[in-house]
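Chemist: For reference, the structure I am asking about is given below.
Every number in this text was worked out from the coordinates using simple rules, so none of it is lab data. These numbers were taken from a predicted model, which means no experiment stands behind them. Counting neighbours? That spans all protein chains shown, and the Cβs are built from the backbone with ideal geometry, glycine included.
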Amino acid sequence: MAEKTLFERIIDREIPATIIYEDDQCIVFRDINPQAPTHVLVVPRKPIPTMDDVSEDDAALASHLLMTAKKIAADEGLANGYRIVINCGADGGQSVDHLHVHLLGGRKLKWPPG
């Protein structure tokens, strides 16, 4: 059996996190290394390693992650705007092999990001 990812361990409550939302498809918690005043991660309960591993069968789940990010942005008061980021692979900045959506806001964000 493969070792659990950090996010699977958070989902299973083996590692503490500041969880701000959860439902049957995903969990949302604050990033431990925030890059903006609001920086949360929207993580599917289904362990999908990267964006490249999302299949047509995951289309509803992918949509749910984005709609959840939109809901959390409203809940967090990000009326002036926010950024949604999905890193894919090492060169894309992905550090945990479990698909996740970054929601960043609370200040004017610069472009290009990095």
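Chemist: Checking residue 39 against (1) in contact with an Asp or Glu (Cβ under 6 Å, 6 or more places away or on another chain); (2) farther than 13 Å from residue 102 by Cα, which single condition isn't satisfied?
Modeler: Among (1) in contact with an Asp or Glu (Cβ under 6 Å, 6 or more places away or on another chain); (2) farther than 13 Å from residue 102 by Cα, residue 39 violates only (2).
Chemist: Scanning the stretch 53-108 for residues that are of a type in the set (Ser, Thr, Tyr) and within 19 Å of residue 22 (Cβ to Cβ), which turns out surrounded by the most Cβ atoms within 10 Å (Cβ to Cβ)?
Modeler: Result: 68.
Residue-by-condition table, conditions (1) in a helix (DSSP H, G or I); (2) among the aliphatic types (A, V, I, L, M); (3) touching a His at 6+ places or on another chain (Cβ under 8 Å):
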| position | (1), (2), (3) |
| --- | --- |
| 47 | no, no, yes |
| 58 | yes, no, no |
| 61 | yes, yes, no |
| 65 | yes, yes, no |
| 70 | yes, no, no |
| 79 | no, yes, no |
| 91 | yes, no, no |
| 96 | no, yes, no |
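Chemist: Hey, another quick one. Considering each residue of the stretch 1-34, count those that are in contact with a strand residue (DSSP E or B) (Cβ under 6 Å, 6 or more places away or on another chain) and not aromatic (Phe, Trp, Tyr), and give that number. First the steps, then the outcome.
Modeler: Within the stretch 1-34, the first condition is being in contact with a strand residue (DSSP E or B) (Cβ under 6 Å, 6 or more places away or on another chain), and the residues that meet it are 7, 11, 17-21, 26-31.
Going one step further and asking which of them are not aromatic (Phe, Trp, Tyr), we end up with 11, 17-20, 26-28, 30-31.
Looking only at that region, the number is 10.
Chemist: Residues in the stretch 1-30 that are in a helix (DSSP H, G or I), touching a residue at least 40 places away in the same chain (Cβ under 8 Å) and charged (D, E, K, R): how many?
Modeler: 1
Chemist: Continuing with this model, one more query. Of everything in the stretch 35-52 that's within 13 Å of the chain's Cα centre (by Cα) and free of Cβ contacts under 8 Å to residues at least 40 places away in the same chain, which residue is surrounded by the fewest Cβ atoms within 10 Å (Cβ to Cβ)? Step through it out loud before you land on a result.
Modeler: Taking the stretch 35-52 as the starting set, the residues that turn out to be within 13 Å of the chain's Cα centre (by Cα) are 38-51.
When the remaining residues are screened for being free of Cβ contacts under 8 Å to residues at least 40 places away in the same chain, the result is 45-46.
Working: 45: 15, 46: 11.
Result: 46.
Chemist: Would the stretch 39-52 turn up any residue that is more than 20 Å from residue 7 (Cα to Cα) and not basic (Lys, Arg)? Walk me through how you get there before you give the answer.
Modeler: First, pick out the residues of the stretch 39-52 that are more than 20 Å from residue 7 (Cα to Cα): none.
No - not one qualifying residue is present in the stretch 39-52.
Chemist: Quick one: residue 62 ticks every box in (1) touching a helix residue (DSSP H, G or I) at 6+ places or on another chain (Cβ under 7 Å); (2) within 20 Å of residue 8 (Cα to Cα); (3) of a type outside the set (S, T, N, Q) except a single one, so which number is it?
Modeler: Unmet condition: (1).
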